[in-house]
Each structure stands twice: as structure tokens, then as C-alpha cells.
1. If you take the square roots of the eigenvalues of the alpha-carbon gyration tensor of the range 2-41 and sort them as a ≥ b ≥ c, do you get rounded (a/c under 1.5), prolate (a/b over b/c) or oblate?
2. Arrange the following residues from fewest to most other Cβ atoms within 10 Å of their Cβ: 27, 6.
3. Given 0.36 nm per residue, what is the gain on full extension from residue 34 to residue 14 after removing their alpha carbon distance, in nm?
4. Hey, rough spin-label estimate for residue 41 and residue 6, points 7 angstrom out along Cα→Cβ, what's it come to in nanometres?
């Protein structure tokens with residue numbers, strides 16, 4: 001799971017909903033991260049600011 005999340009970080013992707021229900025375990029304890037419906041691509045030039053109410 002950690003190496004999968006590291007791979008996503010290298011690709012500037014945020015999963016958005018990492019939970020046990022979104023991880024499948026296969027033979028030999030191979031884990032696969034699933035359900036990328038809430039994932040988002042980060043852009044290096046993007047800036048985020050807090051909006052006041």
C-alpha cells in the first residue's frame with residue numbers, strides 16, 4: 001500500500017478516499033489500491049488559498 005501511495009505521489013495524484021474498502025489483497029499478500037473516483041491530479045504551478053467566509 002505504501003509503495004502504491006508513493007507511486008501516486010510521484011505522479012502528483014491524490015487518491016482522495018484511501019480506506020480498507022478500497023484495497024484488495026491478492027495471493028502472496030499483494031495489495032492493489034482501487035476506487036479512484038475521488039482522485040485528483042496536482043499541478044506543480046497550482047496555488048491554493050483559504051477563502052474567508
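A short reminder: the numbers here are calculations on the coordinates, not readings from a lab. What you see is a predicted model, and the numbers here were worked out from it, not measured in a lab. Note that each Cβ is placed from the backbone with ideal geometry, even for glycine, and that neighbours are counted across all protein chains shown.
1. Working: a/c = 3.00, a/b = 1.49, b/c = 2.01.
Oblate, since a/c reaches 1.5 and b/c is not below a/b.
2. The most exposed by this proxy come first: 27, 6.
3. On the way: separation 20, 0.36 × 20 = 7.20 nm, distance 1.27 nm.
Gain on stretching residue 34 to residue 14: 5.9 nm.
4. 2.5
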